[in-house]
Amino acid sequence: MLRRATRTLLAIVMVTAGTVLGVGATAGTAHADSCYTWNRTLSQGSSGSDVTQLQIRVAGWVTSGERLSYDGQYGARTAAAVKRFQAAYGLSADGVAGPATFSKIYALQDADCTPAHFSYAELNKCNSTWSGGAVPAATAKANALKTMWKLEAMRRKLGDVPITISSGFRSYACNSAVGGASNSRHLYGDAADLVGTPSLCTLARQARVHGFSEILGPGYPGHNDHTHVAFDPSAYWSAPTCGI
Ligand SMILES: [Zn+2]
């Protein structure tokens, strides 16, 4: 809470100093959010970059094994994800993203667009630049953001329990230093190693319905002390101790 309050205060100071540019906080918008502001209601059939922004926030609200596309096309799957998001936060679950839905997202996102309970620092304990991995720095950072929103959904679904991340993005150097696989998703920025509570098996099982396509946990070689979640184009789950 302290960190969030501090960041909010910092954002206010920055706005006061006139150093925040292009934040969409123009007069007349219903809500001026320092990360991103939606200016229209979105529903099935909508398309555009504002749909993509929405998809990033709701991609953690899918069915088992499903991965929502960030394609800017508001189809049935996006509507279903929005419905689950709405239901999870006590909103009217109609699958239409209007003011109430956006207000909830605004309340959940920080000024840097990360969800309330996760930060870029937690997803990158390797270096401050996101460079040196398998993809350009901007891609690695964007991948980490997508992973954070999935984790935010997972955290909510588990009953608002804290989720602790021991490792996120790694450069090749950082990955080698910890003995990571040479093709590790940590090099792409979308992987997160989860530790502590809830149990590793609870985390591994729950991750299946939040858009993670790579889940490695207890019983998989090298994963008895953490559950690894990531987005990999070729889906793979293995946590034999957990029956996965
Ligand atoms: Zn990992």
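The values are calculated or read from the model by the stated rules, or taken from the named source; none is laboratory data. Everything numeric in this text was worked out from a predicted model, so none of it was measured. Cβ sites come from the backbone with ideal geometry, for glycine too, and all protein chains shown count toward neighbours. Heads up: the accessible areas ignore ligands, DNA and RNA and are worked out on the full protein's heavy atoms, side chains in. Shrake-Rupley method; radii C 1.70, N 1.55, O 1.52, S 1.80 Å.
For region 130-172, the dipole from Cβ point charges (+1 on Lys and Arg, -1 on Asp and Glu) about the Cα centre works out to 80 debye, to the nearest 20. Within a straight-line Cα-Cα reach of under 23 Å, Lys157 can be paired with the following lysines, leaving aside sequence neighbours fewer than 8 residues apart in one chain: Lys83, Lys104, Lys146. Among the cysteines of the chain, each one has another cysteine beta carbon less than 4.7 Å from its own. In the full protein context, the chain carries 45 Å² of accessible surface per residue, based on a 1.4 Å probe and ignoring ligands, DNA and RNA. Applying 0.36 nm per residue to the separation of Glu66 and Asn39 and subtracting their alpha-carbon distance, the gain on full extension is 6.9 nm. Each stretch of four or more DSSP H residues adds -39500 (n - 2.57); spread over every residue of the chain, this sum gives -11000 deg cm²/dmol at 222 nm.
Remark: spin-label model distance Ala173-Ala121 equals 2.2 nm, labels positioned 7 Å along the Cα→Cβ axis. Picking from Gly219, Gly179, Ala142, whose Cα lies most toward the positive end of the charge dipole for region 114-243 (charges on Cβ: Lys, Arg +1; Asp, Glu -1)? Looking along the dipole axis, the top candidate is Ala142.
Using Cα springs under 10 Å in a Gaussian network model of the chain, which residue among Ser213, Ser43, Ser128 shows the largest mean-square fluctuation? Among Ser213, Ser43, Ser128, the largest GNM mean-square fluctuation belongs to Ser128.
Looking at the chain, send over the antiparallel percent of its DSSP beta bridges, to the nearest 5. Don't skip to the end; give the middle numbers.
On the way: 12 of 15 bridges.
So the antiparallel bridges in the chain amount to around 80 percent.
Each residue of region 132-144 was assigned a 3J(HN,Hα) from its phi angle through the Karplus expression (A = 6.51, B = -1.76, C = 1.60, θ = phi - 60°), giving x, x, 7, 9, x, 3, 5, 5, 4, 5, 5, 5, 5 Hz with x at Gly and Pro. The C-alpha atoms of the chain define a longest principal axis, and helix 76-88 lies at about 90 degrees to it.
The lysines whose alpha-carbon is closer than 17 Å to the alpha-carbon of Lys141, local same-chain residues fewer than 8 away aside, are Lys125, Lys150. Rolling a 1.4 angstrom probe over the chain with all protein chains present gives an accessible area of which 57% lies on carbon and sulfur atoms.
Relative to the present Cα-Cα distance, how much length would full extension add between Asn224 and Thr241 at 0.36 nm per residue of separation? The partial results should precede the final answer.
Working: separation 17, 0.36 × 17 = 6.12 nm, distance 0.89 nm.
Result for the pair: 5.2 nm of gain on full extension.
Here region 37-105 is treated with +1 on each Lys and Arg Cβ and -1 on each Asp and Glu Cβ, and its dipole about the Cα centre works out to around 120 debye.
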